[in-house]
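Heads up, the thing below is written out as structure tokens.
The values are calculated or read from the model by the stated rules, or taken from the named source; none is laboratory data. Everything numeric here is computed off the predicted structure, so don't read it as measured data. Heads up, the Cβs are rebuilt from the backbone with ideal geometry, glycines too, and the neighbour counts pull from every protein chain shown.
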Amino acid sequence: MWTNTLTLPKSISRFVLHSTWSSVFSDNTLLQAGAFLATGILNTGVRSEADAALALLGDHISNKSVPLRTSAIIGLGFAYAGSHREDILLMLLPLISDEEISMEIAALAALAVGLIFVGSENGEAASVILQTLMERDDRALDEKWTRFLGLGLALLYVGE
């Protein structure tokens, strides 16, 4: 019978966790960014009191390094996809609405919010994304990242 759980051999699981964890503390920014994405993927659907993904990734959503910042934001989106966590929404909404923040960061934060609140019709998230689309100048809206604002908004209404 088919199940929706994947069980890896313990040796592979330990290797993946060790590799990811050691990369988080690397001096190489791109290696760290990849580890942040991996942390999000590895914690998808994992619900525990420890909340390791939030503890690690939440600290880096305001990092000065763009690769680390974007990876932390998308990692949060992966880790908490479908969870409707209000505390994470409160962390990400300022990144979407602040006009001083680049369109890349705002759009990926909107995508993460869409993943976390998929199908929820969350009015607060939708209004912030729409407000950002209306208030940004035309030059910012011409960037390739703008389409992720629309995708994040669309994810809020999937299945409705």
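Here are the numbers for the structure shown:
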quantity: Conditions (1) among the hydroxyl-bearing types (Ser, Thr, Tyr); (2) within 18 Å of the chain's Cα centre (by Cα); (3) in a helix (DSSP H, G or I): number failed by SER127; calculated: (2)
quantity: Selected residue [within 21 Å of THR39 (Cβ to Cβ), part of a loop (DSSP other than H, G, I, E, B), touching a Leu at 6+ places or on another chain (Cβ under 6 Å) and at pLDDT 95 or above] from VAL113, VAL118; calculated: VAL118
quantity: Total residues in the stretch 38-60, condition among the polar types (S, T, N, Q) and modelled with pLDDT under 85; calculated: 1
quantity: Among (1) surrounded by fewer than 23 Cβ atoms within 10 Å (Cβ to Cβ); (2) out of contact with any Lys or Arg (no Cβ under 8 Å at 6 or more places or on another chain), the one test that ALA109 misses; calculated: (1)
quantity: Residues of the stretch 38-57 that turn out to be surrounded by fewer than 17 Cβ atoms within 10 Å (Cβ to Cβ) and under 14 Å from ASP87 (Cα atoms), as a count; calculated: 2
quantity: Contacts under 6 angstrom Cβ, first residue in the stretch 49-75 being free of Cβ contacts under 8 Å to residues at least 40 places away in the same chain and within 18 Å of MET103 (Cα to Cα), partner basic (Lys, Arg) and buried (at least 21 other Cβ atoms within 10 Å of the Cβ), 6 or more apart; calculated: ASN63/ARG69
quantity: Residues of the stretch 103-139 satisfying the condition of being among the acidic types (Asp, Glu) and free of Cβ contacts under 8 Å to residues at least 12 places away in the same chain; calculated: ASP137, ASP138
